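The values are calculated or read from the model by the stated rules, or taken from the named source; none is laboratory data. Quick caveat, the model's predicted, so the values are computed rather than measured. Cβ placement follows ideal geometry from the backbone for every residue including glycine, while neighbour counts extend to all protein chains displayed.
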Amino acid sequence: MQDYQIEQGASVTGAPFLLRRWRHPDSWQISATAIALLVSIPIMILMASLFTPDREIWAHLAEHLLAGLLLNSFLLVTGVSIVTLLLGVPLGWLTGMCEFPGRKFFSCALLLPMALPSYVLAVVYLGILDFSGPVERVLKLLMPDSNGVIIGDIRNTPGIISIISLSLYPYVYLLARTGFMTQGAQTIEAARTLGCSNRQAFFRVALPMSRPWIAGGLMLVIMETLADFGAVAAFNYDTFTTGIYKAWYGFFSISAAAQLSSMLLLFVIAILVIEQRMRSRMRFTGINKEKQKRIKLTGSRKAAAFFFCTIVFCLAFAVPVTQLLFWTKDTFEIEFGSRYLEITAKTLILAAIASIITCMAALILSYTRRLHPGPVTGGIVKLATVGYGLPGSVLAVGFFIMLSQIDKSLIGLADTVFHISIDPLFRNTIIVMLAGYLVRFLAPAYAALDSNMQRITPGLDDAARLAGLRGFTLLKRVHIPMLSQGVLVGTVLVFVDVMKELPLTLMTRPFGWDTLAVKIFELTSEGEWERAALPSLVLVLAGIIPVFLLIRSSSRT
Amino acid sequence: MKTQLKVSTISHSYDTVQTLTDVSLSLQRGEIGCLLGSSGSGKTTLLRIIAGLEKQSKGKIEIADKNIASEAIWIPPEKRNIAMVFQDYALFPHLTVADNIRFALFNMPRKVQLGKVEVMLLTVGLGGYGRKYPHQLSGGQQQRVALGRALVTNPDLLLLDEPFSGLDVRMREQIAEQVKKIVKEKDITTLIVTHDQEEAFAFADYVGVMKNGKLLQWDTASALYDHPITSEIASFVSDGTLLDGHILENGNVEYPLGTIIHNNPNHLLPGSRVHVFVRPEQVILDSSSKVRAKIISHVFRGASTLYSLELSTGERLTAQVTGQNIMRTGVSVSVLCTKPILFL
């Protein structure tokens, strides 16, 4: 229906009209275009480097690295996909459509692992299963005869797959659950009256109908897996992101890093396209207004559902958080000090600046879309928000190249025209970092804001005007109160995401701008799991805030 | 004739709220029954209990003399051979029309399935639509797919939950007529739930009026119209006014529109108060009547006109008068009622 209207609108007003509106752009349109350019230029620089390969570097990469990186990434993505599906889909079905003891608790609690960045989870499990860790000690007590290490090193392919799956399954879980619930219990009932048992109804109706949701969740998981840096680095598992980092710091080769980034970018864009397609196929049919009729589980099934949820919740959240609390207790006196406070302060300052800038950019996009609806603005918004799927390390490389090019031409310009020598403007400032954050986190901020913006219908403006409100008064009395919640949510989301962001910060930070995430990374590379507990715990606590926002908004709809 | 559906003393409650109390009804093979009631009357719950989507707390259901739900036995919905058409059709959006229709035939050979689908598509008037998806069809077409999907299994009982409420008024009658024709041809026992009295009367052999979880009366449509057992049922199945009356010495009833011959079988004392239900179509203007009324307002309906009248005794009532001559407000007329319904 909506497609039809858009089509009709386009044929009536036509392209000339749209262009006319964009021929004399106002300041909103100019700003929105600038934001979209800021996002797309680094992407284009990287794409250009894909098509203009430096032969020598390319040969080196192809010979020594590429096969391994491709195989590792393939194994990781495949493994994580399978495990997140096996965890997320049944959990979504159980909490979304069934009734068993603890169902209400688990439907929220199973989202909590989203608060744990994958590198924190990796650190915790490396520590727990370390040869001097608690599990090994218990096993030693139980089996005093055994020689040597019982568990062995978990830094292998199944190990990293398990860790990343435990931290990413909530995406599949959340979307699968939404899919099952919005498809309505009524279709399941229809299947029952047509001769299907509950089991058959699940496989013949619920699962195929929820395919777009599940696939959408899976694409998010794959994007996050490809973007992951901290966990794979802690496990010494070489993927594209660690390859980029090593090329950058190990060989000091920007072009090798750019080469690898461009390949990763290609994969991510492919996934992004699939994800968008899945999103457009999510149709909300038969939403049941009546009370959801859940499938009551009995006997052994009831117990199995409870234990499955309990085990996943414990492994992905309860155990790691408990371990972090114990470690923090042990190391608090040593770790907590002026150096720690300084890092925390820097993290918070950075997060605050980034979230304010990002929300302002989101506000500009959202207003432009409201004032000038149409395909041109739609395209600009889509381009500007594409960055959420891009790995931080890729963005770091892209922005570094872009801004050092600008620096170089400015220095050249000053030298040839004014005959003065100037220092680089951007290099070693937090501007590279902030630009990276803006691009990476603009999408969640925009989504939070725009959902509120859409509630301010044109009719509301008209009504306010008829009531005598104009200009700033209109903004103050209608728009700002209606947008404030969206702005707040957007700011919080970006704030927490910036706190947790590792590769972008690690690769672009100027001297003296270490954050908590960087601190955790450094301690991890030295094998100091326990000392990483305090900063990890802070990140987890901050990470719980957006999860609560998510739970609240999903329980409202 | 043999009994196809027998519902005996069914009760049901959600948590602490009693939704159904001692409901009993039965249908012979090939008959169409209808449960009529406003929302919250329990009619849909009863349908869902018969389908096996809810469990009753008490009572028994038999289909074709087989016990399918009682205290001892509870057969799950997929084994009941009951088909149901849902209010919003509940078509599977990921399947084509043909795949929707053959959904329940999964135990049969593919060839048989496809043959049945072809026949059913023609029966419901959707020949050639098999490859389309539900969202490509209009509401009426979707409705017929839902019906085809339900009928293709040759069910022992067909349940329809407000099946026509999603359609616009014009289409509703047309589709209802088609559906009635199909189920009568196939001799399928059918139970329908609706809140629309006209639909119920047009569609069903037997109509039951439900309120607050109770089945007030289960009867043929004409019996329900002519002999409602309570004034509540009378006002539910048609418009009308409830007037006060009293018993005379000779046992007859006097009320504002005259006297009703009544031999007083209950031996009510003279002077006892009774109620008389008067329908607009049964109030006529007749100059022989001694009862005078003043026209307060009128609504032109095309073939007829509705007059609001005020009697000299102060009561108000409505008369539906056919014909094109519209009388002005304020005019005094003589009225009588051809068929007053008496409630003691």
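Quick rundown of the values:
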{"read-out": "Per-region count, the stretch A:347-380, residues touching a residue at least 60 places away in the same chain (Cβ under 8 Å) and more than 22 Å from residue A:504 (Cα to Cα)", "value": "15"}
{"read-out": "Matching helices (runs of 4 or more DSSP H) fully within the stretch A:138-243 where at least 2 residues are without any contact (Cβ under 8 Å) to a residue 24 or more places away in the chain", "value": "A:185-193, A:198-201"}
{"read-out": "Per-region count, the stretch B:70-95, residues within 7 Å of chain A (Cβ to nearest Cβ), in contact (Cβ under 8 Å) with a residue 60 or more places away in the chain and assigned to a loop (DSSP other than H, G, I, E, B)", "value": "2"}
{"read-out": "Residue match in the stretch B:252-273 (condition: part of a loop (DSSP other than H, G, I, E, B) and among the charged types (D, E, K, R))", "value": "no"}
{"read-out": "Cross-chain or 6+ apart pairs with Cβ under 7 Å, the stretch B:215-232 first and under 21 Å from residue B:40 (Cα atoms), then in a loop (DSSP other than H, G, I, E, B)", "value": "B:216/B:230; B:217/B:228; B:217/B:229"}
{"read-out": "Positions within the stretch A:478-488 being in contact (Cβ under 8 Å) with a residue 12 or more places away in the chain and surrounded by fewer than 24 Cβ atoms within 10 Å (Cβ to Cβ), in sequence order", "value": "A:478, A:479, A:482, A:483, A:485, A:487"}
{"read-out": "Filter result for residue B:9 (assigned to a strand (DSSP E or B), among the polar types (S, T, N, Q), touching a residue at least 40 places away in the same chain (Cβ under 8 Å) and more than 14 Å from chain A (Cβ to nearest Cβ))", "value": "yes"}
{"read-out": "Of all residues in the stretch B:170-228 being over 20 Å from residue B:50 (Cα atoms) and β-branched (Val, Ile, Thr), the one that is surrounded by the most Cβ atoms within 10 Å (Cβ to Cβ)", "value": "B:179"}
{"read-out": "Members of the stretch B:310-335 found to be part of a strand (DSSP E or B) and either buried (at least 17 other Cβ atoms within 10 Å of the Cβ) or of a type in the set (D, E, K, R) (or both), listed by number", "value": "B:310, B:316, B:317, B:318, B:319, B:320, B:321, B:333, B:335"}
{"read-out": "Candidates B:104, B:98, filtered to the one that is more than 14 Å from chain A (Cβ to nearest Cβ), surrounded by 19 or more Cβ atoms within 10 Å (Cβ to Cβ), more than 22 Å from the chain's Cα centre (by Cα) and not in a strand (DSSP E or B)", "value": "B:98"}
{"read-out": "From the options A:451, A:366, residue that is farther than 22 Å from residue A:248 by Cβ, surrounded by 20 or more Cβ atoms within 10 Å (Cβ to Cβ) and under 27 Å from the mean Cα position of the chain (by Cα)", "value": "A:366"}
{"read-out": "Hey, residue B:72 of a type in the set (A, V, I, L, M) and within 27 Å of residue B:194 (Cβ to Cβ) or not", "value": "no"}
{"read-out": "Selection count, the stretch B:256-271, where residues are under 26 Å from residue B:217 (Cα atoms) and touching a residue at least 12 places away in the same chain (Cβ under 8 Å)", "value": "6"}
{"read-out": "Lone unmet requirement of (1) assigned by TED's automatic domain parsing to the domain that holds residue B:316; (2) part of a loop (DSSP other than H, G, I, E, B) for residue B:167", "value": "(1)"}
{"read-out": "The stretch A:508-518, residues that are surrounded by fewer than 24 Cβ atoms within 10 Å (Cβ to Cβ) and in a helix (DSSP H, G or I)", "value": "A:518"}
{"read-out": "Some residue of the stretch B:108-126 being within 12 Å of another protein chain (Cβ to nearest Cβ) and more than 30 Å from residue B:220 (Cα to Cα)", "value": "yes"}
{"read-out": "Residue A:157 vs. criteria within 21 Å of the chain's Cα centre (by Cα) and either away from chain B (no Cβ under 14 Å) or crowded, with 24+ Cβ neighbours inside 10 Å (or both)", "value": "no"}
{"read-out": "Only one of A:239, A:331 that is modelled with pLDDT of 90 or more, at negative phi and among the hydroxyl-bearing types (Ser, Thr, Tyr)", "value": "A:239"}
{"read-out": "The stretch A:191-213, residues that are more than 9 Å from every other protein chain (Cβ to nearest Cβ) and either in contact with a Ser or Thr (Cβ under 9 Å, 6 or more places away or on another chain) or crowded, with 23+ Cβ neighbours inside 10 Å (or both)", "value": "A:206, A:210, A:212, A:213"}
{"read-out": "Lone unmet requirement of (1) among the hydroxyl-bearing types (Ser, Thr, Tyr); (2) buried (at least 20 other Cβ atoms within 10 Å of the Cβ); (3) more than 16 Å from the chain's Cα centre (by Cα) for residue B:138", "value": "(2)"}
{"read-out": "The stretch B:128-154 residues that are closer than 20 Å to residue A:194 by Cα, paired with ones that are of a type in the set (D, E, K, R) and surrounded by fewer than 17 Cβ atoms within 10 Å (Cβ to Cβ) (beta carbon under 8 Å, 6 or more apart)", "value": "B:130/B:118; B:151/B:186; B:154/B:186"}
{"read-out": "Tally of residues being part of a helix (DSSP H, G or I) and either in contact with a strand residue (DSSP E or B) (Cβ under 6 Å, 6 or more places away or on another chain) or among the charged types (D, E, K, R) (or both) across the stretch A:53-96", "value": "3"}
{"read-out": "Every residue from the stretch A:84-125 that is among the aromatic types (Phe, Trp, Tyr) and either within 21 Å of residue A:227 (Cα to Cα) or buried (at least 23 other Cβ atoms within 10 Å of the Cβ) (or both)", "value": "A:119, A:125"}
{"read-out": "Enumerated helices (runs of 4 or more DSSP H) restricted to the stretch A:381-472, each holding at least 3 residues that are in contact (Cβ under 8 Å) with a residue 24 or more places away in the chain", "value": "A:392-413, A:431-453"}
